[in-house]
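Step one of this worksheet: look at the structure below.
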Protein chains: 2
Amino acid sequence: MAAVKIAFTVKKSSRPEIPRKAIYRLSIYLRCLQRLKANGIRTVSSEALAAAVGVKSTQLRKDLTYFGQFGTRGLGYDVEQLVTLVSDVLGTTRLQPVILVGVGNLGSALLFYRGFQQEGFEIVAAFDQFPQKKQSRRFATPVLGMDQTTEIIRKHGVKMAVLTVPPEAAQAVANTLIDAGITGILNFSTITLQVPEDVMVNNVNLAIELENLSYFVQH
Amino acid sequence: MAAVKIAFTVKKSSRPEIPRKAIYRLSIYLRCLQRLKANGIRTVSSEALAAAVGVKSTQLRKDLTYFGQFGTRGLGYDVEQLVTLVSDVLGTTRLQPVILVGVGNLGSALLFYRGFQQEGFEIVAAFDQFPQKKQSRRFATPVLGMDQTTEIIRKHGVKMAVLTVPPEAAQAVANTLIDAGITGILNFSTITLQVPEDVMVNNVNLAIELENLSYFVQH
């Protein structure tokens, strides 16, 4: 590999196709770096950082080179600079607006969960078929009617949506959100969404994760 | 492949190594089959079932053959029988006991979420470092002290735990749970747990899923 003179150059253009797993690992590295920073640690070797997050140091170095050249040979990584750069790559240096659609059982639980905000995501609005009924629970987030999704998405420039509607409604709701400008969906419904190529769907299903464990604990 | 005469034989012994993704897909098939059953549909072809869940029919048939021979050529699958058999493979035909450890922000949200119970999992107890403080929120589930984990795990024969403790506590707590008999952990903390080979960990991190989307919506 050719030596790159300027440390911390983030390649923004002509970036190679980056494996999705590498992006997940960046998030894990970031959490670890934030803990180091909070503990007053200023530099960290790739070996130490890799060990702390449970990957091989070759993997860590490879993941970081997708985004430019980080660190100085023999000195390791500057923790604060790496936090800033990884946050920048992940787009979490500023609070990002997110909407939540479907204020049922799980949607309500997620509205009570303040962890998204702590990590740089603000749920600017929630939507439900019966907003009056759901609003009475007094969430910090306003619960609006489904007919207001497009307006709010455009007004706040929202790109990401948390989808917690019943499976039979999920595809139609996703279509509406995508038409309004949503390009990233965190899908909690148990159906496989059909979306255009430029839309990314991450599927999370807590019951299915437990069911998967259930299979393994028995066999 | 040799024809198997007896339909619906579930191979319990000498089962080949089954990809984890196939187990996830079984859960998705099950949800779809349950919807078909609820709608009074008695048989379904592999093509129709595959289309409904968004996989290729060859994939569906391959996944099911891991567990024996299902369906009759030309007649398709008997929906009710397939529901029963897939549930049996996944171990969700009876309510399974689960514990939750760490009643913070996310742990509380999950205790309010009733979806686990609907899918066959009962959170028999929750544990926290400060149980009195957390109990006051009046969850349906009792919140006990960390010193009671081993007793409860053994008493209820619990195999699965939902881990929602802070990252710095996660490994030590996991060790205690595993010593007491837990073999499946749904890990919401952002560290990679080190566990023995016979213990399965499924990692879920909602903020990381959003962060991952955040990367893609920007690039």
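Laboratory data are not the source of any read-out in this text; all were calculated from the coordinates shown. None of these values were measured; they are calculated from a predicted model. Heads up, the Cβs are rebuilt from the backbone with ideal geometry, glycines too, and the neighbour counts pull from every protein chain shown.
Tabulated data for the structure shown
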{"read-out": "Convex hull volume of segment B:88-138 per residue (C-alpha atoms, cubic angstrom)", "value": "75 Å³"}
{"read-out": "Computed E for B:Thr150/A:Ala140 - FRET, C-beta separation, R0 45 angstrom, nearest 0.05", "value": "0.75"}
{"read-out": "Average silhouette area of the protein assembly as shown, convex hull of alpha-carbon atoms, in square nanometres", "value": "24.1 nm²"}
{"read-out": "For chain B, built as a Gaussian network whose Cα springs stay under 10 Å, the top-fluctuating residue of B:Asp198, B:Asp147, B:Asp88", "value": "B:Asp198"}
{"read-out": "Two-decimal Rg to Rh for segment B:38-160 - Kirkwood Rh, Cα set", "value": "1.15"}
{"read-out": "Alpha carbon Rg of chain B, scaled by the compact-globule rule 2.2 N^0.38 Å", "value": "1.18"}
{"read-out": "Diffusion constant of segment B:96-178 at 37 °C, which comes from Stokes-Einstein with the Kirkwood Cα-pair radius and 0.692 mPa s, µm²/s", "value": "260 µm²/s"}
{"read-out": "From phi via Karplus (6.51, -1.76, 1.60), per-residue ³J(HN,Hα) for segment B:139-147 in Hz, x at Gly/Pro", "value": "7, 5, 8, x, 9, 10, x, 4, 5"}
{"read-out": "Stretch gain in nm, segment B:Glu47-B:Leu75, where the contour uses 0.36 nm per residue and the Cα spacing is subtracted", "value": "8.9 nm"}
{"read-out": "Hits among aspartates and glutamates - C-alpha to C-alpha of A:Lys159 under 20 Å, sequence gap 8 or more where chains match", "value": "A:Asp88, A:Glu119, A:Glu122, A:Asp128, A:Asp147, A:Glu151, A:Asp179, A:Glu197, A:Asp198, B:Glu209, B:Glu211"}
{"read-out": "Shielding by other protein chains, B:107-113, mean Cβ within 10 Å", "value": "5"}
